[in-house]
Structures are given as structure tokens and as C-alpha cells.
Amino acid sequence: MIHKTAPEVGGMGHPIKRKEDLRFIQGKGNYVDDVRLPGMVYGQLVRSPYAHARIKSINTTEAKKLPGVLAIITGEDLAKANLAWMPTLSYDKQMVLATGKVLFQSQEVAFVVAEDRYTTADAAELVEVEYEELPVVVDPHKALDPGAPILRDDREEKTNHIFHWEVGDKQATEQAFQKAPVKAKVQAFFQRCHPAPLETCGCVADFNRATGKLTVYMTSQAPHAHRTVFALVGGIPENNIRVVSPDIGGGFGNKVPVYPGYVCAIVASLTLGVPVKWIETRSENLQSTGFARDYHMTAEIAADRDGKMKALRVKTLADHGAFNAAAQPTKFPAGLFSICTGSYDFPKAFCEVDGVYTNKAPGGIAYRCSFRVTEAAYLIERAVDVLAQELKMDPAEVRRRNFIPADKFPYKCPLGWTYDSGNYEAAMKLALDKIGYEQLRKEQAEKRAKGELMGIGISSFTEIVGAGPAHTFDILGIKMFDSCEIRVHPTGKATARMGTKSQGQGHETTYAQIVAQELGIPAADITVEEGDTDTAPYGLGTYASRSTPTAGAATAMAARKIRDKAKKIAARLLECSEEDLEWEPGKFSVKGAPSKSKTIQEIAFAAYTTVTPGLEAGLEAVDYYDPPNLTFPFGTYVCVVDIDKGTGEVKVRRFLAVDDCGNIINPMIVEGQIHGGLTEGLGIAFMQQIDYDENGNVQGGSFMDYLLPTAVETPHWETDKTCTPSPHHPLGAKGVGESPNVGSPAAFVNAVVDALSHLGVRHIDMPITPWKVWSVLKEKGVTS
Ligand code: CDP
């Protein structure tokens, strides 16, 4: 149980308004592109129009003649400093600027630096690159054909195959399939999509020749990790590098990798000795920075005739593009995809994934997702619906019969994870009762009798967030702990700094609420700072909903260290022993004599103005928190759709999201997170795909083709919650930011397929465009 603090303290559970919004709603945010330094110049990348081509020559003569041009950097220049290639987060390497050949359309070929942005753009056009086209591979299946052109001839292994990864008991799973009377199979492609944050990527690199210090203001979700990468790759001592992430306009995983533009701006600043700004355009962001998903998946479920699941078998082909730049923990080449047994008590399971190279932009980032959990949740939630169709059973009933029972937690799943806590049936019951499921099914039957198309989709997803425990989780060898440092100042106000970095999630408010909860200092009196490696303690950053499970826990632990010290000071001030003191948020009082008390503010003042024997002065603490396990938030989403038989248009009539993220820090912020994630899920389900033609030309490289849902397309989101605290998190909290993106695509697709199931439709791949639906209706002879 979390003690509820007074509203003026604003600890956990209070829906206090976001502190950071004061500056955002006034247009006073400070983003990378707002950084203007004296003498600053600008950089722009020259990119390849071809998806696969040999570079015959690069001629920069005309470009250099343009007044205002200061430098043009090519791959050959970088090669001289051994910087033409850089390591990716997945132990592959990636070209910073192309040498020899290009491997995807929009690949970085040269970097033009000039005094102003217009000149860089003009000069970039004057760089003449002569290419010789090479055969292009866009289909990951064909990439494995024996005769397929080898894309990465820089590698020793002459194949387009990157990795094979498997987990689970293959033999026992095969046996279960042989015995099972019912089998259901779904082949689902989770299309290549893109986080498309409103702010694109960029940086200002500022090398000070006098001090030898490099400061990089950059769009980074993981400033400390990036500083370490710059130190290791560039050879600059890490203490001479400062990475600053100012305000970030959405990250969603897109701002985790190191992109060539950052490296080029740093090299240019080192070379010229002036600050260099590089900011991507929208199309550059969509076409060349980390994409998400691109998983070709097959799931099979073996079950008995009562619908009890016996085994799960999953096979996936993962398209990683030209370089394996997937951002995920080292030991997991397919991220946390092995959470694909979802909310269900499968006795046996086996999962295998093969990664391949193609002529597409590199990536495989965790777009609002804990490293491939979105793909996993989508696949299992689709497969359960296909099983229900096979069994002619209600999809809610199939789920109910197979949920991991609430009394089986902590639950060890057959693919190795230990789920911390869950109560899936309770979440589904609340969702079905609230939406009026029985009534909706009746309405659907009536509509069907009249030839109308209505569908109800359920997704009872499980998540795995909070990477992660140091025994298993690292990125490039750095363990995935996170941190918090709190300084309580003499007047009782406090500053707290973390190793994470908000991109809009409201950390300045919620971390302050955690400190308020633990110390009773009002949240309004606490300043939260993140994103400056010179001041914040080392941490692995914000992505994969890890902030609350890791840095949130560190914040609570650091505050508790401060409380322990405050108790010693209070005992001295009140002339009693520590055992005689009791704590209520904000003050210590003597047991049995409540009038004898000291507030945290009085104690803070004493910490700096008097001396407690055996104690150092001051009231500060730092905590590096290594979580013992991940947290497993979950939920049930229900979507109701109506389909227009004339146009194939799907109208989302209702959408109810019941989420469970354990104890909530700020219910208003959590609701905002859910709304945002559902809207992204809607875009993925119905509108978005980064597609390529057979020559490797990007088909969706601007917002004309890659559609973002606006208020017009977005339905009214209904939300509710259950609360199953995490048993190992100090506040009982689980992450939540990505849940709606993870859980919603299956609910949308299940609803559409449900509307068409009586026509024999088993699956439709996303994005479910009106054209796609209309084509299915036409094939089935039911268009009006
Ligand atoms: O890592 P990221 O911040 O994206 O994800 P998160 O840990 O799920 O947190 C997203 C936002 O929701 C943060 O402001 C959290 O403090 C807040 N949150 C909350 O208020 N209660 C929870 N149980 C989980 C998150």
C-alpha cells in the first residue's frame, strides 16, 4: 500500500499538472535546433539516390567554389582518421560516409559544411557523385537465395544472413504439435514503420580548441551511453566530452542509435574549431534513421478441442536493412521477442528468428516498445484469435481458458522469463463488462443478418519492461542499471538528477512526485534535471518504458538514503534515539509525543548549519539501481469497428483500454501516455508503412505518404485500469509508456478480421487501408 500524501505535497497518485508544460505551452522549450552558439556553422549530408551502387567518383570541386562553403567531408577523408565506419549497438559496423559502395537509398555519402543553411543546401547539390548501379535486394526472403547478391562484401561471412536465434524446447514443442487435435496458424507481417517524432534528429557539436572539450547538444535518448561511444570511437577522453540533451520533441526509440550526421558534425567541429549544427529534414528522418519492426512472422498454436493451448511455435524472418543497427540489449538479437507466449499458460514453446541484410535503411529500433515486444504481442494476440476461429469459440473465452492464473505468479514461462505479477482475467473482465461485450455480440449478430459489417477485437497483452537486471542486460557491455542523485538544499528545496532523459513523458513532474512521496518535500519544491552528462549520474537513458522501473526505483532508493540520514539528524535535534522516532511524509516525530517533531525542511537546515557527531554535513544521496527483474505490465483492449461495404473504410466506433501498470505515480500523465500510444497504434494499424519498390526506392518518405493520425481520424479513447503492483519494484510500479502501442495493433486488426470472419477471412496484414479492405470485400463478393 502506498500512503497517499496531501495534495499540496503531491506524492504518488496525485494527478498534478506537468511542471514542464509551463515552458512548452509558452513556446519556450529549448530544443537542439534552438541552440545557437557564437560562430556556429551548418552541415548537410549528401545522400545516395540509389539503393545499391558502386561509387566511382566523388567530385567536390564545384561545391567547394561556392562562397561560404567551409569544408566537404567524404568517406575517404574519414577513412584516413579511421572513422569511415562506426560500431552499431548490435556489434555490427555501419558506414558513417560511404566508401566503395552504397547500400540503401538515402545513405550518407558526403558532409557539406558552410556558413549558413542555404549555402549547405546549394553546395550539397553541387557535389557530383558518379555511381554504377548494382542489383538490389529488397525482399528479405530472396536475400537468402543461394544466387542473391552479397550486400555486405566488407564482412568475412559471404552471406546476407546475419544471425539465427532460438529459444525454447524444440523437440517437446514438436511432440505437442504431433499429439494436438487442433492447430491454428497465422502468417503476419509487422510492416516496417517509423517512429516519426515531431522533432527530427540533429546536433550541435562544439569543440573548444582552447580547453580540448567537446560539447555535443544532441537529440539523444541516452546521453551517457552516447558519450561513452564517442569516447571509444573518437578517442577523445570521456571527461572531455559533454553530451547535453535539451528538450526533446519525441523520441520513441528513434533517438537511441548514433547516426552518421552526429559523427560528421563532431568531425567537422574538430576540424574547423567552430560549433557545427546538423539538423535532419523530415524526409531524411523517415528515409534514413532507425526504422522499427519489419518482422515476417509465423505463429502456430497446438490446442485440444476445449481450446486449451498445448504449445506455441514461432518462426520469424527479420529484415534489418543494410547494417544491423538494431538497438537492443547485447544478449538478445531479436530483443525481447521471446515474450511471444504472452498472457497464456503454454506448457511448451519454441521460437526462432533469422536476421537478414537487405538494401534498406538500417535500424530495428524499439519504437515505443521494449525491444520487439510489440511484434510479439501482436503475433500472439492475432494467433489466439485465429485459434478461436478454428475452434468456433468466442475469442474472449479462448483467452479466459488459457490465461496464466493470478495465483501462479511469479510465473516462469517456457521461453525463460519470470513474470513478476499479473491478473489477466480481472483486466479482461473489467474491459468486457465496461464495453458491454455480450450486448455488442448480439448487435453484431443482428447486423450480420442484415448484411452489415461490424467487428469486435480483443487484445489481452502482456509486456516486459524495465531493462534491466545487470546479470542479463547490457548494451555494448554497459550494464543497464539506472540512477538518481538527490540534493536537498539548506532551505529544504531539492534538485534531483537522473540517468534517463524525458522526450515528453513528463519526468520533471513524476520523478518530483516520487521524491515528494518519499521525503514529504512538496513536488513543487523539487527540480528534476536530466540529459546533461556533466551533471547527471551515469545511466542508460529512456526507451522501452524503462524509466519508472529503473531510474524511478533509483529515485525512491536515493530518497530513502536521505531519509535515513535525516532520521539521525532528527534524533539529535529531538534528543532521542532513532528507535523512538516515527516517520510520516514530511516529518519525524517522537513516538507517543507527536508535538515533538522536526520537519524535513528543519532537518535539511540543520544538516548544513549544525554538526551531528559521526555524520558528514549536507543532505544528498545517489543511487544506482540494478533491478532484480523486469516488470510485466499488461492490459485488455477492446475495439469495436464498423466497415463501409462501399469504400472499405474502417470506422473505429469505440476503443476501451484497460491497463495495469501497478502503482501509478501520476494518473493524468499515465492517461496521456495511453492516449498517445493508442493514437500511434491506430496509425500503424491503418495508415503507415515504409515500403520500397523493387529498385529499393522508398515509397513512404514524406508525410504525404507516411500518414500520421490527426484529430479527425482519432477516435475517442476510453480508459480504465486495474492495479497489480510489482512485487520487486520499491514503489510497486511498472512501466507504462509503451503499453498502448504494444497492445493496440492486435485489437484493431482483430476487430477488422472479426467483422469479416464469417466470410472466411483469417488475417489481413497492416496497414489495413480502405483499399485493402475493399479488395477483400470484392474478392468475397460483398462490396455494395
Ligand atoms: O521510460 P519512459 O518514461 O518512456 O516510460 P515509463 O517509465 O512507462 O513512464 C512514462 C511516464 O508515465 C513517466 O512520466 C512515468 O513517471 C509515468 N508513470 C506513472 O506515472 N506511473 C507508472 N506506474 C508508470 C509510469
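The values are calculated or read from the model by the stated rules, or taken from the named source; none is laboratory data. Because the structure is a prediction, the values reported are computed rather than measured. A quick note on method: Cβ atoms are made from the backbone with ideal geometry, for glycine too, and the neighbour counts reach across all protein chains shown.
Check off (1) surrounded by 19 or more Cβ atoms within 10 Å (Cβ to Cβ); (2) closer than 20 Å to residue 22 by Cα; (3) not charged (D, E, K, R) for residue 554 and give me the number that stays unchecked.
Evaluating residue 554 over (1) surrounded by 19 or more Cβ atoms within 10 Å (Cβ to Cβ); (2) closer than 20 Å to residue 22 by Cα; (3) not charged (D, E, K, R) leaves (2) as the failure.
Assess whether residue 299 counts as being more than 30 Å from residue 393 (Cα to Cα), buried (at least 24 other Cβ atoms within 10 Å of the Cβ) and of a type outside the set (Lys, Arg).
So residue 299 fails the test.
Output the residue which, of all residues in the stretch 447-468 that are away from the ligand (no atom under 16 Å from the Cβ) and assigned to a loop (DSSP other than H, G, I, E, B), is surrounded by the most Cβ atoms within 10 Å (Cβ to Cβ).
Result: 460.
Here are some residues: 734, 780. Which one is among the basic types (Lys, Arg), modelled with pLDDT of 95 or more and surrounded by 24 or more Cβ atoms within 10 Å (Cβ to Cβ)?
734
Can you tell me which residue in the stretch 651-665 is farthest from the ligand (Cβ to nearest atom), limited to those that are over 26 Å from residue 412 (Cα atoms) and surrounded by fewer than 24 Cβ atoms within 10 Å (Cβ to Cβ)? Even if it seems obvious, please write down each step before you answer.
First, the residues of the stretch 651-665 that are over 26 Å from residue 412 (Cα atoms): 651-657, 665.
If we keep only those that are surrounded by fewer than 24 Cβ atoms within 10 Å (Cβ to Cβ) too, we end up with 651-654, 656.
On the way: 651: 30, 652: 24, 653: 28, 654: 25, 656: 20 Å.
Only one residue fits best here, namely 651.
Do you know which residues across the stretch 632-657 are under 26 Å from residue 782 (Cα atoms) and assigned to a loop (DSSP other than H, G, I, E, B)?
644, 645, 646, 647, 648, 649, listed by residue number.
What's the number of the condition residue 307 fails, among (1) surrounded by fewer than 24 Cβ atoms within 10 Å (Cβ to Cβ); (2) at pLDDT below 95?
(2)
Could we say that residue 747 is more than 29 Å from residue 104 (Cβ to Cβ), away from the ligand (no atom under 16 Å from the Cβ) and more than 24 Å from the chain's Cα centre (by Cα) here?
no
Between a first residue in the stretch 158-170 that is at negative phi and free of Cβ contacts under 8 Å to residues at least 60 places away in the same chain and a second residue that is surrounded by fewer than 15 Cβ atoms within 10 Å (Cβ to Cβ) and among the β-branched types (Val, Ile, Thr), which pairs have beta carbons less than 8 Å apart while being 6 or more apart in sequence or on different chains?
Final answer for the pair search is 158/150; 159/150.
In this structure, is residue 693 more than 16 Å from the ligand (Cβ to nearest atom), assigned by TED's automatic domain parsing to the domain that holds residue 641 and more than 25 Å from the chain's Cα centre (by Cα)?
yes
Of 482, 534, which residue is among the charged types (D, E, K, R), closer than 30 Å to residue 343 by Cβ and modelled with pLDDT of 95 or more?
Answer to the check: 482.
Does residue 768 satisfy being surrounded by fewer than 19 Cβ atoms within 10 Å (Cβ to Cβ), of a type in the set (A, V, I, L, M), at negative phi and more than 16 Å from the ligand (Cβ to nearest atom)?
No: the conditions fail for residue 768.
Identify all residues within the stretch 168-190 that are surrounded by fewer than 20 Cβ atoms within 10 Å (Cβ to Cβ) and part of a strand (DSSP E or B); write none if there are none.
Scanning the stretch 168-190 gives 182, 183, 185, 187, 189.
So if I check each of 367, 357, which one is among the aromatic types (Phe, Trp, Tyr), farther than 13 Å from residue 461 by Cβ and within 16 Å of the ligand (Cβ to nearest atom)?
Unique residue meeting the criteria: 367.
Within the stretch 361-387, take every residue that is touching a Pro at 6+ places or on another chain (Cβ under 9 Å) and in a loop (DSSP other than H, G, I, E, B) and give me the one that is farthest from residue 631 (Cα to Cα).
362
Answer yes or no as to whether residue 702 is within 16 Å of the ligand (Cβ to nearest atom), under 25 Å from residue 189 (Cα atoms) and either hydroxyl-bearing (Ser, Thr, Tyr) or over 22 Å from the mean Cα position of the chain (by Cα) (or both).
Spelling it out, it is not the case that residue 702 is within 16 Å of the ligand (Cβ to nearest atom), under 25 Å from residue 189 (Cα atoms) and either hydroxyl-bearing (Ser, Thr, Tyr) or over 22 Å from the mean Cα position of the chain (by Cα) (or both).
Could you grab me the full set of residues in the stretch 462-485 that are within 22 Å of residue 377 (Cα to Cα) and small (Gly, Ala, Ser)?
Of everything in the stretch 462-485, those that are within 22 Å of residue 377 (Cα to Cα) and small (Gly, Ala, Ser) turn out to be 466, 467, 468.
Of everything in the stretch 129-138, what is buried (at least 17 other Cβ atoms within 10 Å of the Cβ) and assigned to a loop (DSSP other than H, G, I, E, B)? Give them in sequence order.
Those that are buried (at least 17 other Cβ atoms within 10 Å of the Cβ) and assigned to a loop (DSSP other than H, G, I, E, B): 134, 136, 137, 138.
When residue 283 is evaluated against the numbered criteria (1) touching a Gly at 6+ places or on another chain (Cβ under 7 Å); (2) buried (at least 21 other Cβ atoms within 10 Å of the Cβ); (3) at pLDDT 95 or above, which criterion, by number, is the only one it fails?
(2)
Can you tell me which residues in the stretch 228-257 are crowded, with 24+ Cβ neighbours inside 10 Å and either within 16 Å of residue 45 (Cβ to Cβ) or not hydrophobic (A, V, I, L, M, F, W, C) (or both)?
Across the stretch 228-257, the qualifying residues are 245, 251, 253, 254, 255, 257.
Restricting attention to the stretch 18-56, which residues are assigned to a loop (DSSP other than H, G, I, E, B), surrounded by 13 or more Cβ atoms within 10 Å (Cβ to Cβ) and under 25 Å from the mean Cα position of the chain (by Cα)?
Going residue by residue through the stretch 18-56, those that are assigned to a loop (DSSP other than H, G, I, E, B) are 18-20, 25-31, 35-40, 48-52.
Now drop any that are not surrounded by 13 or more Cβ atoms within 10 Å (Cβ to Cβ), which leaves 18-20, 29, 31, 35, 37, 40, 48-52.
Those that are assigned to a loop (DSSP other than H, G, I, E, B), surrounded by 13 or more Cβ atoms within 10 Å (Cβ to Cβ) and under 25 Å from the mean Cα position of the chain (by Cα): 18, 19, 20, 29, 31.
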